[in-house]
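Trainee: One structure coming up, written as structure tokens, with questions to follow.
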Amino acid sequence: MNTQAALSPNLTHWQERVDMAAAFRWTERLHMHEGVANHFSLAVNEDGTQFLMNPNQAHFRRIKASSLLLLDADDPKTMERPGAPDPTAWGLHGSIHRLCPHARCVMHVHSIHATVLACLADSTLPPIDQNTATFYGRYVVDNDFGGLAFEDEGARCAGMLTDPKVKVMIMGNHGVLVIGDSVADTFNRLYYFERAAETYIRALQTGRELRVLSDEIAEKTAQELEDYPDQAERHLAELKAILDDEGSNYAT
């Protein structure tokens, strides 16, 4: 057992907490956070209704494994309890974990390039390179932004994620939301979506005609990357190794 886990016997799901904390720390390092806003969550029971999430108004740079909240999407009294989560986080993530059990991990950010994409009249992401092709046929664009993601807005967004093939929601006028099977899977997807959005935005800035892949090659590339062995797990493992080498307290 991890030493810190042994010292914190009342904290369950320790390895999941450590992975989440590492993802928060690295998201901040990449400047993909936004002050004390934005949230990640991870389902920890079979039906996905119990989940870990960051505390209300906590900066990603300071989040530790031990600071994560353990919430129940089916508990109507959650927002009445001491230490309640941010109400928009509860509205969005609680709705998704309640209505989309396949969304084991949910990461929502207002990262710069994904948000720029979400602000365009046409927020689709054409397959112009390997990273953009990763998301071919695997995202949905939300064109009906309805304000802050309290429970009604959260439930509306969750309704757009019922197709298990859809892993990314480009939230028009808002940001991006990514789902996956684990912290590693979801963070890897979030990282590459921001890279893909940056490539596309910079390509548009040249004013030159885009070289867009055919539907066949885009789908072939997306499938090959989905089947690529262990990339997401190795990505997160390397990030945790770097944090460990630096003496970070994320895993405490």
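Rule-based calculations on the coordinates, nothing more; no lab input. What you see is a predicted model, and the numbers here were worked out from it, not measured in a lab. Neighbour counts are summed over all protein chains in view; Cβ atoms, including those assigned to glycine, are modelled from backbone coordinates with ideal geometry.
Trainee: Please give me, ordered by residue number, the GluC sites (Glu not before Pro) of the range 167-252 that lie in loop per DSSP and have at most 15 other Cβ atoms within 10 Å.
Mentor: Those that pass, being in a loop and sparsely packed, are E209, E246.
Trainee: For G180, enumerate residues with amide H under 5 Å from its amide H, sequence gap 5+ or separate chain, H modeled in the peptide plane.
Mentor: R104, C105
Trainee: Additional query: Hull surface divided by four, with the convex hull built on the Cα atoms of the range 103-175: how many nm²? Please list the in-between numbers first.
Mentor: On the way: hull surface 20.3 nm².
Mean shadow area of the hull around the Cα atoms is 5.1 nm².
Trainee: Could you pull out the GluC sites (Glu not before Pro) across the range 22-82 that fall in loop regions by DSSP (anything but H, G, I, E, B) with no more than 14 other Cβ atoms inside 10 Å? Show your work: numbers first, answer last.
Mentor: Working: sites: E28, E34, E46, E80; in loops: E46.
Sparse-neighbourhood loop GluC sites (Glu not before Pro): E46.
Trainee: What distance in nm separates the simple spin-label points at M160 and D74, each placed 7 Å from Cα in the Cβ direction?
Mentor: That separation, rounded to one decimal, is 2.8 nm.
Trainee: Moving on to the next point. Considering only DSSP states other than H, G, I, E and B, which chymotrypsin sites (Phe, Trp or Tyr not before Pro) in the range 27-114 qualify as loop sites with at most 10 other Cβ atoms within 10 Å? Write out the running numbers ahead of the final one.
Mentor: Numbers: sites: F40, F51, F60, W90; in loops: none.
Passing sites in the range 27-114 do not exist.
Trainee: Summing -39500 (n - 2.57) over the DSSP H runs of n ≥ 4 in the chain and dividing by its residue number, what mean residue ellipticity at 222 nm do you reach, to the nearest 500 deg cm²/dmol?
Mentor: Working: 9 runs with 96 residues, N = 252.
Helix-only estimate at 222 nm: -11500 deg cm²/dmol.
Trainee: When the chain is modelled as a GNM with alpha-carbon springs shorter than 10 Å, which of L125, L161, L239 fluctuates the most?
Mentor: Of L125, L161, L239, the Gaussian network model singles out L239 as fluctuating most.
Trainee: Would you please give the FRET efficiency between Q205 and L225, computed as 1/(1 + (r/R0)^6) with r the Cβ-Cβ distance and R0 = 30 Å, to the nearest 0.05?
Mentor: Calculated value: 0.70.
Trainee: Now for a different question. What range in the chain is the longest one free of trypsin sites (Lys or Arg not before Pro) that are in a loop by DSSP and have at most 13 other Cβ atoms within 10 angstrom?
Mentor: 78-164
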